[in-house]
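Peer 1: My questions all concern the structure below.
The values are calculated or read from the model by the stated rules, or taken from the named source; none is laboratory data. Predicted model, so just to flag it, every value in this text is computed and none were measured. Here the Cβ positions follow ideal geometry from the backbone for every residue, glycine too, while neighbour counts run over all protein chains shown. Please note that ligands, DNA and RNA were not included when accessible areas were found on the heavy atoms of the full protein model with its side chains. Shrake-Rupley method; radii C 1.70, N 1.55, O 1.52, S 1.80 Å.
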Amino acid sequence: MTPTTRRRRAALITGAVAISASLALVPTVASAATPAEVAENGGAARSIDDSTQVLLDSVKGGPAKNVILLIGDGMGDSEITSARNYAYGAGGQLPGIDALPLTGQYTTYSLYRDGANKGKPDYVPDSAATGSAWATGTKTYDNAISVDIDGVPQDTLLEIAKANGKKTGNVSTAELQDATPAVQAAHVAARSCYGPDSVTQCGADALDQGGLGSISEQIIGTRADVTLGGGAASFTQTARAGQWQGETLFDQAADRGYQIVRDAAGLGALAAADQTAPVLGTFTDGNFPTRFAATTATVGGADLAPQTCTPNPQRLSTDLSLRSLTEKSIDLLDTGDAGFFLQVEGASIDKRDHSADACGQIGEVLDLDEAVRAALDFAIADGDTMVIVTADHAHTSQIVDSTPPATLSTALTTVDGTTMKIAYGTAAAGGSQQHTGSQLRVAGYGPGAGNVVGLIDQTDNFFTIANALELDRDLDGLSADATISGPTEVAPDSEFTVSAAGLGGDRQVRAVLDAGDGSDPVDLGLVDVVDGTVTVSATAPAEAGTAMVTLTGVQSGLSLSAVVAVVDGAVVPDPTATPSPGDPSATPTDPAGVVPGGDDGSAGGAGGAGTAGSGPLAFTGSEALPALLLALMLVASGAVLVARRRRQQQQQLASANGDLGPQL
């Protein structure tokens, strides 16, 4: 075999066309450049041999236990190519982005919201509409965050995955309120509705206007297990309405059980993240500083001496790089249970492209590439994880041959030792360069990733991921069999609790106490549902009689009610089991009875959905807390055993195969 042939085979392998558990694929090193033999016949070929079988071997049917979706905001083909040329050479490869074996293209157009063209294609989209498309499967208008063109909220992948018992994560180098992270955690008509102080921007979506609240407030309520990025400034704002009125959003999050981290040390100290103690990590007030210092293009700039990108002294420490945040998120989410969904965004490719900053955008592509590499390394070792890498929309930068006479341009010296000219022609100096409407690369690896191949639409990503994870999208149905339990009797003025379980489709419940004496019901507030369960505290009326606690699922609308007797001298709740629906004794005045939620006498919410007071969790009084604690202990013990067995298997595999080094 000639040296040239050996080099061609190495390039093929490095390109990650062949993928299997037994094949080690080593990523290109940072010093790589186009091979010296590139001028020979076939010297530039990346896949000179028949790759049919190895491509077939890379296709693995679903389902997948985990999905990691990585988004390069504004990362069109030109942005990928310029980063590759600069850091690895025209004949080189990006170790992460270029390593995914299955590739396709997808269309990204948005829709017009109103007027004569309502519902018709808007060919150049923004990050809000495009993010909403893959997050919900529904195309919408520019500026919309996971609502359709009529403003109706659409369930997101993160919300659906959480309702199905998956752990969830949302990571970005932008403000967490920015469009791409926001589309997984909020539903607002305008993407600029960042926090409670965004009064004009939020409009009817504001809490004090009866809406769901600002993006920051909804992020807290969505309660992903891990949320990491920038945007701390919005969380320092104070709620204007609701039960946390007057508190900052950071204080509200802490009240609701979040672990708040603000620096690398705090992030590194985290050992666990779950629904009991989710993580909210914000490491900058705004967006993250970029990897490279800016090189703003100018008219005629590409005729000047070529530049070399230099490190940005303001960049965060490497333990807060996108790769580090991705690795930490995976560690916190991969707990050996039902799996996870994680979205990771490299945000400032777009932002630096808007600013005609070639080095800025190149550095952010390289940052994302490192995060992709980390995700792939995990997926290969795990064997049950799908990785998808794509972008939201294309952007304006172009690699050009000669300096444009009237538009902005920059010249850079690449690792090949030659000059690459990049031009920006959609805005004048100081303006914001435009998005473009081109289709985009989408690439995948792992179970179910074959569905990215060919020409698809951005909304297909939603279905590819939902189907791979086998998600039940009927969130109302996931709460339909919820049960409620409470004490049979309580003493006047005493504290008591009512619990509900099986509320998988709800993230919060609204709790109300009816004293049964004709007075106005008491609002017990909004209470977070944790792993499908919720416990609400109430104070019994001062007079003997009956009281009723009603829990209404905020997302499903399911209504569950429990009646308790207020009895002088009651000390210990009667452990009588809650009657099942249809039991003649389960009347509105029956102690511990379940009051039907439907007009037809069926228990539950709208349309009689749901069965309250039946099943293994229909305990009352003193039985409820021990039973719930026992269930949680069993779940936790099982998770520990699964994780331990998984680590043992990985250690055995590593011992048998030796250290394979970076793969794919």
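Peer 1: Under a straight-distance cross-link criterion of Cα-Cα below 16 Å, which aspartates and glutamates are reachable from K162, leaving out those fewer than 8 residues away in the same chain?
Peer 2: Cα-Cα hits under 16 Å: D225, D274, D334, D337, E470, D472, D474, D476, D506, D528, D531.
Peer 1: Can you work out the FRET efficiency for the pair L304 and T535, with r the C-beta to C-beta distance and R0 = 56 Å, to the nearest 0.05? Could the numbers behind the result be given before it?
Peer 2: On the way: r = 67 Å, r/R0 = 1.19.
Given R0 = 56 Å and the Cβ-Cβ separation, E is 0.25.
Peer 1: Related question: Heavy-atom accessible area of V415 with all protein chains present, probe 1.4 Å, nearest 10 Å²?
Peer 2: 50
Peer 1: Still on this model: Could you work out how much longer the chain between R46 and A254 gets when fully extended? Use 0.36 nm per residue separation minus the Cα distance between them, nm to one decimal.
Peer 2: On the way: separation 208, 0.36 × 208 = 74.88 nm, distance 5.23 nm.
Additional length available on full extension: 69.6 nm.
Peer 1: Skip the ligands, DNA and RNA, and give the accessible area per residue of the stretch 102-242 with a 1.4 Å probe, whole Å².
Peer 2: Details: 4130 Å² over 141 residues.
Heavy-atom accessible area per residue stands at 29 Å².
Peer 1: Gap in Å between the Cα centre of the stretch 407-445 and the Cα centre of the stretch 90-155?
Peer 2: Computed from Cα coordinates, the inter-centre distance equals 21 Å.
Peer 1: Provide the packing ranking of 537-549, 254-266, i.e. peptides ordered by the mean count of other C-beta atoms within 10 Å per residue, highest first. If you can, show how the numbers build up before the last one.
Peer 2: Values: 537-549: 18.3, 254-266: 15.2.
Put in order of decreasing packing, that is 537-549, 254-266.
Peer 1: When the accessible area of the stretch 135-230 is split by element with a 1.4 Å probe, what percent falls to carbon and sulfur? It would help to have the intermediate numbers written out before the result.
Peer 2: Working: 1090 of 2310 Å².
Ligands and nucleic acids excluded, carbon and sulfur reach 47 percent.
Peer 1: A further question on this structure: As an exercise, use a Förster radius of 56 Å and the Cβ-Cβ distance of D517 and R262 to find the FRET efficiency, rounded to the nearest 0.05. Kindly include the intermediate steps, with their values, before the conclusion.
Peer 2: Working: r = 48 Å, r/R0 = 0.86.
The pair D517/R262 has a calculated efficiency of 0.70.
Peer 1: Alpha carbon centre of the stretch 34-84 versus the stretch 231-281: separation in Å?
Peer 2: 39
Peer 1: May I pose another question? Counting only heavy atoms of the protein chains, get the accessible area per residue of the stretch 500-541 (1.4 Å probe) and round it to a whole Å² value. The partial results should precede the final answer.
Peer 2: On the way: 1640 Å² over 42 residues.
On a per-residue basis, the stretch 500-541 sits at 39 Å².
Peer 1: I'd like to know which of T156, I145, Q177 lies farthest towards the positive end of the charge dipole of the stretch 135-178, counting +1 on Cβ of Lys and Arg and -1 on Cβ of Asp and Glu.
Peer 2: Sorting the options by dipole projection puts first T156.
Peer 1: Taking a threshold of 29 Å on the Cα-Cα distance, which of the pairs K166/K351; K139/K421; K60/K328; K118/K167; K351/K421 fall above it?
Peer 2: Values: K166/K351 32 Å; K139/K421 36 Å; K60/K328 27 Å; K118/K167 37 Å; K351/K421 19 Å.
Over 29 Å apart, Cα to Cα: K166/K351; K139/K421; K118/K167.
Peer 1: If we sort 42-52, 377-387, 351-361 on the protection proxy, mean other Cβ atoms within 10 Å, highest first, what's the order?
Peer 2: Numbers: 42-52: 13.2, 377-387: 20.1, 351-361: 26.7.
Packing order, densest peptide first, comes out as 351-361, 377-387, 42-52.
Peer 1: V124 versus A272, label points 7 Å from Cα toward the beta carbon: distance in nm?
Peer 2: 5.1
Peer 1: Then there's this: Run the numbers on the stretch 242-358 and let me know its relative contact order in percent, using alpha-carbon pairs under 8 Å that are six or more apart. Walk me through the intermediate numbers first.
Peer 2: On the way: 88 pairs, mean separation 26.9, N = 117.
Reported as a whole number, the value is 23 percent.
Peer 1: Can I ask one more? Suppose we keep just the alpha-carbon trace of the stretch 343-388; what are its Rg and Dmax in angstrom?
Peer 2: 13.1, 40
Peer 1: Just for the stretch 299-441, what percent of DSSP beta bridges are antiparallel, to the closest 5?
Peer 2: Values: 11 of 12 bridges.
Given both bridge residues lie in the stretch 299-441, the antiparallel proportion sits at roughly 90 percent.
Peer 1: How many nm separate the modelled label positions at S438 and A544, each set 7 Å beyond the Cα in the direction of the Cβ?
Peer 2: Using points 7 Å along Cα→Cβ, the separation is 8.1 nm.
Peer 1: Ignoring ligands, DNA and RNA, what percent of the accessible area of the stretch 417-501 is carbon or sulfur (1.4 Å)?
Peer 2: Numbers: 1410 of 3200 Å².
Taking all protein chains in place, the stretch 417-501 shows 44 percent carbon and sulfur surface.
Peer 1: If you roll a 1.4 Å probe over the heavy atoms of the protein chains, what accessible area per residue do you get for the stretch 363-459, in Å²?
Peer 2: Numbers: 3010 Å² over 97 residues.
Counting only protein heavy atoms, the per-residue value for the stretch 363-459 is 31 Å².
Peer 1: Once you put a point 7 Å from the Cα of D474 and another 7 Å from the Cα of N312, both along the Cβ direction, what distance in nm separates them?
Peer 2: My value for the distance between the label points is 4.8 nm.
Peer 1: Using mean Cβ contacts within 10 Å as the protection proxy, how do 487-497, 96-106 order, highest first? Don't jump to the answer; show the numbers that get you there.
Peer 2: Details: 487-497: 18.4, 96-106: 22.6.
Highest-to-lowest ranking by the protection proxy: 96-106, 487-497.
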